[in-house]
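To start, the structure under review is shown below, and the notes come after it.
The values are calculated or read from the model by the stated rules, or taken from the named source; none is laboratory data. Treat the numbers as computed from the prediction; the structure is a model and nothing was measured. Cβ sites come from the backbone with ideal geometry, for glycine too, and all protein chains shown count toward neighbours.
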């Protein structure tokens, strides 16, 4: 085990009966880095996180967190990680302060540092003056920040966040990620799952999960550069018709709606005239066709389509 | 150990906050025992006394008047209506105004004084079998006693100054519950019921609620160990349960005059042991339920048969054999005998031993198995 890695997952697999929720997933998270686990609902992100936190036992494979084997040294792992679940697991009938106090006591925060630590967390979460408010009365964004404060009450060097921004407004989401950045700056390693592609841009490393498997693993820029082919943005009238017209062209690998325009994946930029011609022939006016840099969403869609094509081919054979 | 104790105490403190802040739990804790006591005390267990009785005495003789006086004096009946004929009695019974009626025909007095048989027609409203049975028994007893008295008078009159007494004189003396009052049977039983129902439900809810709101998973990632969690969860309910036993026993003594004849310390101690089984079943239910709704279904599935089989309302002696022996598998069966023994008979440890050891055994087994299953599930 390398000292620099906060998390090492090796061939991590989890079955639920016949269903494979996580299929031989391997990755490493270097200390102090933010690792983003991306993918649609049901891809296996939450199951992966739950195995790393020791909530679920892996069916096979192994994982080490902060140098400790998750299966054999669960107690050592627990003291060193913070975990924030999708549900913001807080007690609604307890006040803001009581929730923090509860977790601080469970984690055995020392008496000398207890009061200053709780004050510090309340300041960080921007909950000053709301200490005596019942958690049930807090807005989504405040609950989220309180949940984060509870998860890091014992200053864990490793933080697991399972869809930490679900159901929170865009501004609060951005503020939340700034808090995560601050923590990473202090040396905390972070693993966060999300299905917001824009959030993935905040991460140092991204793992893309689809159908229980890790289909890509790299930093955001490398993922974009590694995308095969050229991405053209097509702005036209009748984008609906245009999509089916372009899909039929042999030069086109993929077409996906992107706002009001279309993102068309082609093998080379030389395909542009063919696209323009096909659209005009079908009575569609191509207002603008230009090469664009792929977003993480484009990368993900292209990877998923490639995955599905491979699978289909395998099934046919 | 120091940290372990701190974590357990943290759970206890939090659980306590839940109890005092949740109006539903508070209601379950305070209202339920009082409500059950009142319901069973005033509504269900009404002893048969002063049943409204309609009387039609067409005979109007000394003999008929004596008979009616005996009915009034028995305490079971209260003459509320005087009717003129049989039809009127039937109308009163139909309307539910009286529960029983007695019709003494015109020839009753004459037949008795001439040494014949005086026939009396007695009507009972049989819609409530328990009441009807007692009413019938009382009517038979009263008329037999009156018959004997008349018979003796006749014999004394015919035989030359002989004093006659009946050859067999059976004295019946009820021990422990001299007035045969149903509350004496019900209140000790209520202690068992409250300990079982309330503790079981509260424990099950306390754990299932954490599952529902997702905090259970959060607890698993903390260094909290399963025994710390279980102890922390159940200790507040032990306190609540003991408080309730005290409340029930106290209210039973104050409102219904059912005093504890035996040792209160013994009662408290054995209640604690019995609690283990309820707490265990609560933990068991929480282990197999995902939602509070499921927990309620599971709880009623366990509780209903246990009340029927344990002999809370229906004495076990009258049950079919299968049901009778099934009762021996339930800790509450033994506990019912123990509570009744202590409260009514003032029985001590040695007398109750045949009931105590199986209760201790079953309670400890249920508790340990449930906790092991719970630990296996979260481990």
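Observations
- Every residue from region B:14-38 that is in contact with a helix residue (DSSP H, G or I) (Cβ under 9 Å, 6 or more places away or on another chain), away from chain A (no Cβ under 14 Å) and surrounded by fewer than 18 Cβ atoms within 10 Å (Cβ to Cβ): B:30, B:32, B:34, B:38
- Identity of the residue in region B:293-316, buried (at least 19 other Cβ atoms within 10 Å of the Cβ) and outside any helix (DSSP H, G or I), that ends up modelled with the lowest pLDDT: B:312
- When we screen A:281, A:277 for residues that are at pLDDT 85 or above, farther than 16 Å from residue A:229 by Cβ, surrounded by fewer than 16 Cβ atoms within 10 Å (Cβ to Cβ) and in contact with a helix residue (DSSP H, G or I) (Cβ under 9 Å, 6 or more places away or on another chain), the only hit is A:281.
- When residue A:12 is tested against (1) crowded, with 18+ Cβ neighbours inside 10 Å; (2) part of a loop (DSSP other than H, G, I, E, B), exactly one condition is not met: (2).
- Residues in region A:103-124 that are at the interface with another protein chain (Cβ under 8 Å from one of its Cβ atoms), surrounded by 19 or more Cβ atoms within 10 Å (Cβ to Cβ) and touching a residue at least 24 places away in the same chain (Cβ under 8 Å): A:103, A:107.
- Residues that are more than 23 Å from the chain's Cα centre (by Cα) and either under 25 Å from residue B:223 (Cβ atoms) or not in a helix (DSSP H, G or I) (or both), drawn from region A:125-138: A:126, A:127, A:128, A:129, A:130, A:131, A:132, A:133, A:134, A:135, A:138
- Residues in region B:11-46 that are over 17 Å from residue B:234 (Cβ atoms) and at pLDDT below 75: B:40, B:41, B:42, B:43, B:44, B:45, B:46.
- Looking only at region A:71-92, and only at residues there that are facing chain B (nearest Cβ under 7 Å) and either without any contact (Cβ under 8 Å) to a residue 40 or more places away in the chain or surrounded by fewer than 16 Cβ atoms within 10 Å (Cβ to Cβ) (or both), the one that is farthest from the chain's Cα centre (by Cα): A:75
- Of all residues in region B:66-85, those that are assigned to a loop (DSSP other than H, G, I, E, B) and within 30 Å of the chain's Cα centre (by Cα) total 3.
- Among the conditions (1) over 17 Å from residue B:221 (Cβ atoms); (2) touching a strand residue (DSSP E or B) at 6+ places or on another chain (Cβ under 8 Å), residue A:67 misses just one, which is (2).
- Test result for residue A:271, closer than 20 Å to residue A:43 by Cβ and outside any loop (DSSP other than H, G, I, E, B): no
- Some residue of region B:120-129 being at pLDDT below 90, closer than 28 Å to residue B:186 by Cβ and in a helix (DSSP H, G or I): yes
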